[in-house]
Amino acid sequence: MTTTQETLAKVPAVTLVFWVIKILATTLGETAGDALSMSLDLGYLVSTVIFFVLFLVAVLVQTAAKRFHTGIYWTTIVATTTVGTTLADFADRSLNIGYAGGSSLILLLLIGTLLLWYSTLGTIAVGSVSSRKSEIFYWITILFSQTLGTALGDWVADSLGLGYLSAALVFGSLLALIALGYALTTLSRTCLFWGAFILTRPLGAVIGDFLDKPIEAGGLALSRYSASGVLLALIFVSILIFPQKPASTSH
């Protein structure tokens with residue numbers, strides 16, 4: 001029997017499908033963010049303002065909803081990935097903070113948000129996201145994690161000179177280690193979740209860069225518009241084929 005708390009859960013259960021869609025969404029965030037800031041030549045600041053407004057609208061709709069809606073949730077996730085892309089690029093490149101400096105700054109903001117969330121509500125578990133206050137903490141945390149992932153992906157691929165495919169292998173390997181930790185150890189499921197959630201963003205970022213960056217830079221030079229369209233279609237199909245249930249908050 002479904003409990004009241006389970007009905008009020010506002011985020012999806014963490015399954016394999018969740019992670020597949022999350023990686024698709026983070027990759028879309030990279031290609032769509034670059035399409036606006038670079039292909040349309042709007043620049044990082046203007047693109048960040050546009051995407052941030054869309055993010056605020058999506059969060060308002062998400063938090064106003066009385067129950068979990070798959071489409072609303074993933075629209076909000078995509079909004080965080082696009083604004084995270086242009087915001088990180090603006091900080092790293094336009095403000096000349098650099099990838100290392102940008103990653104360090106955003107990491108501190110992310111850790112600070114998680115600590116404040118924990119001290120306020122006593123838990124940062126994804127299953128606890130069922131109230132307005134916990135949702136606000138959840139989306140701020142996600143926004144910082146998406147921004148951090150963009151900066152981290154660029155740092156590893158560009159500054160460290162690994163290239164996009166090698167960087168993808170690094171982040172993919174780290175995600176595999178977290179999966180092994182989940183399967184073989186009793187490590188905190190909450191910590192493992194947030195570790196995986198953060199790492200899917202730089203993975204998606206370097207995959208997105210691999211798809212749309214010039215061949216001489218190590219990419220495939222695909223159209224950012226067509227790549228974004230294909231990724232969006234894959235997300236849409238995945239949502240239709242694999243219906244998602246809200247996370248349980250009863251435990």
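The values are calculated or read from the model by the stated rules, or taken from the named source; none is laboratory data. This structure is a prediction, so every number in the text was calculated from the model and none was measured. Counting neighbours? That spans all protein chains shown, and the Cβs are built from the backbone with ideal geometry, glycine included.
Within the stretch 186-223, restricting attention to residues that are of a type in the set (S, T, N, Q) and part of a helix (DSSP H, G or I), which residue is farthest from the chain's Cα centre (by Cα)? So the residue we want is THR190.
Taking helices (runs of 4 or more DSSP H) as the structural unit, those lying wholly within the stretch 1-101 and holding at least 3 residues that are under 22 Å from LEU220 (Cβ atoms) correspond to 16-34, 70-89.
On the stretch given as the stretch 212-243, residues that are among the small types (Gly, Ala, Ser), within 23 Å of PHE68 (Cα to Cα) and in contact (Cβ under 8 Å) with a residue 12 or more places away in the chain total 1. Select from the stretch 224-251 the residues that are crowded, with 18+ Cβ neighbours inside 10 Å and in a helix (DSSP H, G or I) and list them in ascending order. Within the stretch 224-251, ARG224, ALA227, SER228, LEU231, ILE235 qualify.
Only one entry of LEU203, LEU162 meets the criterion of being free of Cβ contacts under 8 Å to residues at least 60 places away in the same chain and touching a helix residue (DSSP H, G or I) at 6+ places or on another chain (Cβ under 7 Å), and that entry is LEU162. Residues to consider are ALA88, ALA35, ALA125, ALA79; find the one that is more than 21 Å from ALA25 (Cβ to Cβ), in contact (Cβ under 8 Å) with a residue 24 or more places away in the chain and either buried (at least 17 other Cβ atoms within 10 Å of the Cβ) or under 14 Å from the mean Cα position of the chain (by Cα) (or both). Sole residue among the options that is more than 21 Å from ALA25 (Cβ to Cβ), in contact (Cβ under 8 Å) with a residue 24 or more places away in the chain and either buried (at least 17 other Cβ atoms within 10 Å of the Cβ) or under 14 Å from the mean Cα position of the chain (by Cα) (or both): ALA125.
Residues checked against (1) surrounded by fewer than 22 Cβ atoms within 10 Å (Cβ to Cβ); (2) touching a helix residue (DSSP H, G or I) at 6+ places or on another chain (Cβ under 6 Å); (3) at pLDDT below 90; (4) not in a helix (DSSP H, G or I):
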| residue | (1), (2), (3), (4) |
| --- | --- |
| SER103 | no, yes, yes, no |
| LEU108 | yes, no, no, no |
| GLY112 | yes, no, no, no |
| LEU115 | yes, no, no, no |
| THR120 | yes, no, no, no |
| PHE144 | no, yes, no, no |
| ALA151 | no, yes, yes, no |
